[in-house]
Amino acid sequence: MEIHQLFFYLVALSYFFASIEGLSRSDFPDGFVFGAGSSAYQELHTRMAKGLAYGILSLRHTQEDIALMKEIGLDSFRFSISWSRVLPSIQPCITLFHWDTPQALEDEYDGFLSIDIVNDYHDYAEFCFKEFGDRVKLWTTFNEPNTFSSEGYATGTIAPGRCSSYVGNCTFGNSGIEPYMVAHHILLSHATAVKLYREKYQASQMGEIGITISTFWMVPKYQTIASSKAASRALDFAFGWFAHPVTYGDYPKSMRALVGNRLPNFTVIQSKMVKGSLDFLGVNYYTARYADDSTSSSSVHLSYTTDSHVNLTRFSDVNNNSWTIQDALNDRLRLKYHQLHLSSRLKATRARINVKGYYVWSFLDDFEWESGYTYRFGINYIYYKNGLTRYMKHTAL
């Protein structure tokens, strides 16, 4: 892709680190942040009991969880404020939007499908800056907006579950148009919030604001020119979809060429506002994908999922909810994952690449969207059948 200037602040992964063989905190530069992440919806996903709502991260566990963070050695905790629910001694990194659009806005004007969302998001962001800005120094406007746009509006696998009938089992939607509309409105909402923060709050509150984008590293499936170009396009359509506009003020050229007039345009004023609208760039990533050129894209059944003309090969996920507690706590493969990753991060830091922090997904086992409770990504095991008791996995010890 065409991004030459990279801004890295946090790396959120599906697993975590603690004290890892061969590495110690002293190996990393002063100020390097080690943290863990969560989201309001996933951690506070309710279960009804006697008419009352309880969540994993409920108030009765707050002090326990903060103590657990200290025991593990975290510097920071990344969590989201729930727009639909608006409401210690560890640095908060706040995500303003983690896929929970207020139902009232969905009902009124279809949420992020409407340009009206930009003004409402501006007001929501201002409320948060005003109420919490004296204590929050790290703001993330959106978490994985590319995932929200594609899976919410192209495949329909997450809320609001919209897609074309030829893509999935959805009642409403248009997989060839809506993902791009939603992404466009998200970028304008993001840039509007950043502009507001910089002009009205940043000088007095002395915080930083950015956006977190997810991606996979795209590896050419074959050592051919076609596969190499496919890998580049796959990165453009996943990562560059949002990273390119906030860096250069427009979408990647490959997207302009392939999506055509279905890809919205920025006005001159909007482009200037979006360009450079970040103090840091968060990158959520988990693993890699093999990419190869696709020649089977339909010119009739248009969809974001096929517009890149790329076939991606992925590894199947493991449903680790079926493991015994003993197996789940003994997560040595996860430990090896972090050992190798942190070794690479340290090399990057020594090469003067400005990586400022490392956040894990997630602090606790949580509600993994359409997969429910079938995956356990936390560094702390939640015993759902015994009062949500916490047990530290090996990686957290």
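We did not get these values from a lab; they are worked out from the coordinates using the rules stated. Computed from a predicted model, the values in this text were never measured in an experiment. Virtual Cβ from ideal backbone geometry, glycine too; neighbours counted across all protein chains shown.
Helix-derived [θ] at 222 nm for the chain: sum -39500 (n - 2.57) over DSSP H runs of at least 4, divide by residue count, nearest 500?
Working: 14 runs with 132 residues, N = 397.
Rounded to the nearest 500, it is -9500 deg cm²/dmol.
Please go through the residue pairs Lys200/Lys347; Lys70/Lys356; Lys70/Lys336; Lys130/Lys253; Lys195/Lys221; Lys130/Lys356 and name each one whose alpha carbons sit more than 31 Å apart in this structure.
With Cα atoms farther than 31 Å apart: Lys200/Lys347; Lys130/Lys253; Lys195/Lys221.
With a cut-off of at most 10 other beta carbons within 10 Å, and DSSP calling the residue loop, which trypsin sites (Lys or Arg not before Pro) in segment 298-397 qualify? Please list them. Each step should come with its number before you reach the end.
On the way: sites: Arg314, Arg332, Arg334, Lys336, Arg345, Lys347, Arg350, Arg352, Lys356, Arg376, Lys385, Arg390, Lys393; in loops: Arg314, Arg352, Lys356, Arg376, Lys385, Lys393.
Qualifying residues, ordered by number: Arg314, Arg352, Lys385.
For a footprinting-style exposure proxy, rank Val118, Val194 by other Cβ within 10 Å, fewest first.
The most exposed by this proxy come first: Val118, Val194.
By DSSP, what percent of the beta bridges with both residues in the chain are antiparallel, rounded to the nearest 5?
Values: 11 of 48 bridges.
Taking every DSSP beta bridge within the chain, about 25 percent pair in antiparallel fashion.
Leu333 versus Tyr383, label points 7 Å from Cα toward the beta carbon: distance in nm?
It is 2.5 nm.
Can you compute the equivalent ellipsoid semi-axes for the chain, i.e. the square root of 5 times each eigenvalue of the Cα gyration tensor, sorted largest first and rounded to whole Å?
31, 25, 23
Hey, can you grab everything whose amide H is under 5 Å from the amide H of Phe216? Only 5+ residues off in sequence or another chain; H modelled, so Pro and N-termini drop out.
none
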